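S.K.: The structure that follows is given in the form of structure tokens.
The values are calculated or read from the model by the stated rules, or taken from the named source; none is laboratory data. All figures in this text were calculated on a predicted structure; none of them were measured in a lab. Note that we place each Cβ from the backbone using ideal geometry, even for glycine, and neighbour counts take in every protein chain shown.
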Amino acid sequence: MSSTTVIDLRRIAKQLGLPEEGVLAAVQLIDEGNTVPFITRYRRDQTSGLDELQLRSITGAVGKARQLADRKQTILRTIEGQGKLTPELREEIDAAENTKVLEDLYLPFKPKRLSLAEQAKQKRLEPLAREIIAADSQAADLEKRAADFVDDDSGVATAADALLGVGHIIADLFSSRADVRQRLRKLLFQKARLRSLRIETPGKALTKTAKHFRDYFDFDEHLQKVPPHRVLAMNRGERA
């Protein structure tokens with residue numbers, strides 16, 4: 001578990017509800033190459049009496065914290081290399097408490113493949129997207145304004161083509177915002193339902209294996225109430 005990455009061990013001790021001095025000593029012993037069983041049996045006096053389960057919880061928490069810290073450094077270097085790292089963004093990245101929040105912050109700066117939004121930008125449709133987001137009066141009559149962006153050389157044959165591309169740009173702008181993603185994730189967890197339906201194939205009989213998943217042929221339940229084993233069962237049923 002040895003690493004040069006600096007993490008806040010006192011915070012980990014507080015999260016786990018364990019004595020700081022015990023956690024600090026345990027991490028040092030583990031980093032020196034001592035095993036958990038060895039520390040439990042022969043170094044308990046140094047770790048404030050931590051047992052094996054507590055030591056393993058420390059090992060797991062420290063490992064995750066170091067992975068997160070390493071990822072932060074990689075992301076900071078990448079964004080800095082792009083010349084886009086602001087003091088505010090650095091502060092947000094440093095404060096990120098988990099991988100989801102961190103990756104949401106990184107998403108707008110992540111090197112992208114040629115997405116539909118990028119293709120639309122290459123067709124010079126981004127100004128129209130910006131007008132729509134800003135509720136600019138120029139875009140009050142959207143169909144008429146979109147017609148101004150029709151350009152055969154750019155591959156925008158009709159106003160409808162322009163609006164389709166603009167839709168991709170706007171969707172990308174919002175999906176790249178960390179605050180929007182976090183709010184949507186929270187909202188979905190509160191409101192979303194998990195549903196599964198059996199898709200019948202004409203002329204194909206129900207296999208013996210598929211019959212095991214009858215409970216999920218027409219299943220609908222609030223996401224928070226679905227236990228993990230049901231999700232796994234649906235995944236297996238999808239492959240059956």
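S.K.: Kindly establish whether L89 is within 30 Å of G155 (Cβ to Cβ) and either surrounded by fewer than 15 Cβ atoms within 10 Å (Cβ to Cβ) or not hydroxyl-bearing (S, T, Y) (or both).
M.R.: On the way: within 30 Å of G155 (Cβ to Cβ): no; either surrounded by fewer than 15 Cβ atoms within 10 Å (Cβ to Cβ) or not hydroxyl-bearing (S, T, Y) (or both): yes.
No; evaluated as a whole, the condition is false for this residue.
S.K.: Let me ask something additional. Just checking, does region 20-36 include any residue being within 30 Å of P108 (Cα to Cα) and of a type in the set (D, E, K, R)? Explain how you work it out, then say what you get.
M.R.: Of region 20-36, the ones within 30 Å of P108 (Cα to Cα) are none.
No: region 20-36 contains no residue that is within 30 Å of P108 (Cα to Cα) and of a type in the set (D, E, K, R).
S.K.: Could you count how many residues in region 92-117 are assigned to a helix (DSSP H, G or I) and under 19 Å from the mean Cα position of the chain (by Cα)? Don't jump to the end; show me each part of the working.
M.R.: Taking region 92-117 and keeping what is assigned to a helix (DSSP H, G or I), we get 92-95, 99-109, 116-117.
Still in the running and under 19 Å from the mean Cα position of the chain (by Cα): 92-95, 99-109.
Total satisfying the criteria: 15.
S.K.: How about region 182-213: which of its residues are within 17 Å of the chain's Cα centre (by Cα) and either part of a loop (DSSP other than H, G, I, E, B) or aromatic (F, W, Y) (or both)?
M.R.: Across region 182-213, the qualifying residue is only F189.
S.K.: Just give me the residues in region 44-62 being surrounded by fewer than 14 Cβ atoms within 10 Å (Cβ to Cβ) and either of a type in the set (S, T, Y) or over 19 Å from D8 (Cα atoms) (or both), in sequence order.
M.R.: Scanning region 44-62 gives D45, G49, D51, E52, L53.
S.K.: Among the residues of region 92-116 satisfying the criterion of being aliphatic (A, V, I, L, M) and surrounded by 13 or more Cβ atoms within 10 Å (Cβ to Cβ), which is nearest to D172 (Cα to Cα)?
M.R.: Here the answer is L116.
S.K.: Of the residues A120, A65, A69, A61, only one is farther than 30 Å from N34 by Cβ, in a helix (DSSP H, G or I) and not basic (K, R); which?
M.R.: One residue alone meets the criteria, A120.
S.K.: Which number in (1) surrounded by 13 or more Cβ atoms within 10 Å (Cβ to Cβ); (2) modelled with pLDDT under 90; (3) under 30 Å from the mean Cα position of the chain (by Cα) marks the one condition that A139 misses?
M.R.: Of the numbered conditions (1) surrounded by 13 or more Cβ atoms within 10 Å (Cβ to Cβ); (2) modelled with pLDDT under 90; (3) under 30 Å from the mean Cα position of the chain (by Cα), the odd one out for A139 is (3).
S.K.: Just checking, how many residues over region 23-43 are within 33 Å of the chain's Cα centre (by Cα) and either among the basic types (K, R) or surrounded by 15 or more Cβ atoms within 10 Å (Cβ to Cβ) (or both)?
M.R.: Total satisfying the criteria: 6.
S.K.: Next up: If only one of S115, S3 is in contact with a helix residue (DSSP H, G or I) (Cβ under 6 Å, 6 or more places away or on another chain) and at pLDDT below 95, which one is it?
M.R.: S3
S.K.: Hey, another quick one. Would you check which residues across region 185-219 are over 22 Å from K100 (Cβ atoms), out of contact with any Phe, Trp or Tyr (no Cβ under 8 Å at 6 or more places or on another chain) and surrounded by 11 or more Cβ atoms within 10 Å (Cβ to Cβ) and list them?
M.R.: Residues satisfying the conditions are L206, T209, A210, H212, F213, R214, D215, Y216, F217, F219.
S.K.: Provide a single number: the residues in region 134-146 that are in a helix (DSSP H, G or I) and under 15 Å from G167 (Cα atoms).
M.R.: Residues meeting the conditions: 5.
S.K.: Among the listed residues L29, L53, L24, L18, identify the single one that is out of contact with any Gly (no Cβ under 9 Å at 6 or more places or on another chain) and in contact (Cβ under 8 Å) with a residue 24 or more places away in the chain.
M.R.: On the way: L29 fails: in contact (Cβ under 8 Å) with a residue 24 or more places away in the chain; L53 fails: in contact (Cβ under 8 Å) with a residue 24 or more places away in the chain; L24 fails: in contact (Cβ under 8 Å) with a residue 24 or more places away in the chain.
Result: L18 is the single residue among L29, L53, L24, L18 that is out of contact with any Gly (no Cβ under 9 Å at 6 or more places or on another chain) and in contact (Cβ under 8 Å) with a residue 24 or more places away in the chain.
S.K.: As an exercise: evaluate F149 against (1) part of a helix (DSSP H, G or I); (2) in contact with a helix residue (DSSP H, G or I) (Cβ under 8 Å, 6 or more places away or on another chain) and give the number of the one condition it does not meet.
M.R.: Only one criterion is unmet by F149, namely (1).
S.K.: Quickly run through region 130-148 and pick out the residues that are within 30 Å of L107 (Cα to Cα) and touching an Asp or Glu at 6+ places or on another chain (Cβ under 9 Å).
M.R.: Across region 130-148, the qualifying residues are R130, A139, A146.
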